[in-house]
């Protein structure tokens, strides 16, 4: 594998479920450590990395709304879950001596710094991994949308979406053995086919800003670095 990366700055989107590992809830520290080691590999190649992490392993805002609760309150609870995950991943990165900062869309200065584009670009220029917590800071937007938004704000060359499978399929391959895997798609095709890789707002935002989306398995150790250098197995969503 060539050690020369294709991208200089990327945004990694990791789901909360990925941090859960085989547990039914919460954070598997071994999994957080492995994802951190993959990020460390990317940093060692000179790639600047921003990370958005979901909160589904701890709490989903839509779960409150589906049972008659207030969606806004539920989404705020989900945002707090992403902060917990961001702190866990930062801890795993710091164990590897990777300089890491957590920036939250919701101000909580006793716990972490607040997000601003200016602060983010400063930290990236110093070689730090930046983990974005709190989603977009707004209810009704997912962490996928947060990933597309932050990618646009920092000028990321690609969004790396770490999922449970090795790319985009026509259906869930774990449920449908006849599901077809795609190597390459356009943003418009993803939207037209209704492929559940990221939510519609996130894909549309990535399309508007001409940011490719690279979908790969977060569970493959070393997979992130391999794809960064043009190898590995992934689906690339791009309009060119």
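Specify the residue that is nearest to the chain's Cα centre (by Cα); the eligible residues are those in region 124-145 that are assigned to a helix (DSSP H, G or I) and surrounded by fewer than 20 Cβ atoms within 10 Å (Cβ to Cβ).
Only one residue tops the list, namely 124.
Just for helices (runs of 4 or more DSSP H) wholly inside region 7-101: which have at least 1 residues that are touching a helix residue (DSSP H, G or I) at 6+ places or on another chain (Cβ under 9 Å), surrounded by 15 or more Cβ atoms within 10 Å (Cβ to Cβ) and modelled with pLDDT of 95 or more?
Passing ranges, in order: 29-44, 71-95.
Somewhere in region 107-122, is a residue under 17 Å from residue 52 (Cβ atoms), at pLDDT 95 or above, in a helix (DSSP H, G or I) and under 17 Å from the mean Cα position of the chain (by Cα)?
yes
So is residue 202 in a loop (DSSP other than H, G, I, E, B), under 30 Å from residue 118 (Cβ atoms), modelled with pLDDT of 95 or more and touching a helix residue (DSSP H, G or I) at 6+ places or on another chain (Cβ under 9 Å) or not?
no
Taking into account only those residues within region 154-184 that are over 18 Å from residue 14 (Cα atoms) and touching a helix residue (DSSP H, G or I) at 6+ places or on another chain (Cβ under 9 Å), which is surrounded by the most Cβ atoms within 10 Å (Cβ to Cβ)?
By that ranking, first place goes to 182.
Limited to region 88-112, what total is found for residues that are closer than 20 Å to residue 14 by Cβ and free of Cβ contacts under 8 Å to residues at least 60 places away in the same chain?
14
Taking region 148-198 as the region of interest, how many residues are without any contact (Cβ under 8 Å) to a residue 40 or more places away in the chain and on the phi > 0 side of the Ramachandran plot?
Number of matching residues: 1.
Among (1) closer than 21 Å to residue 5 by Cα; (2) under 14 Å from the mean Cα position of the chain (by Cα), there is one condition residue 164 misses while meeting the rest; what is its number?
(1)
Being surrounded by 15 or more Cβ atoms within 10 Å (Cβ to Cβ) and over 22 Å from residue 21 (Cα atoms): is that true of residue 212 here?
Here the answer is yes, as residue 212 does meet what is asked.
The values are calculated or read from the model by the stated rules, or taken from the named source; none is laboratory data. As the structure is a prediction and not an experimental result, all values here were calculated from the model. Quick reminder, even Gly has a Cβ in these numbers, built from the backbone with ideal geometry, and neighbours come from all protein chains shown.
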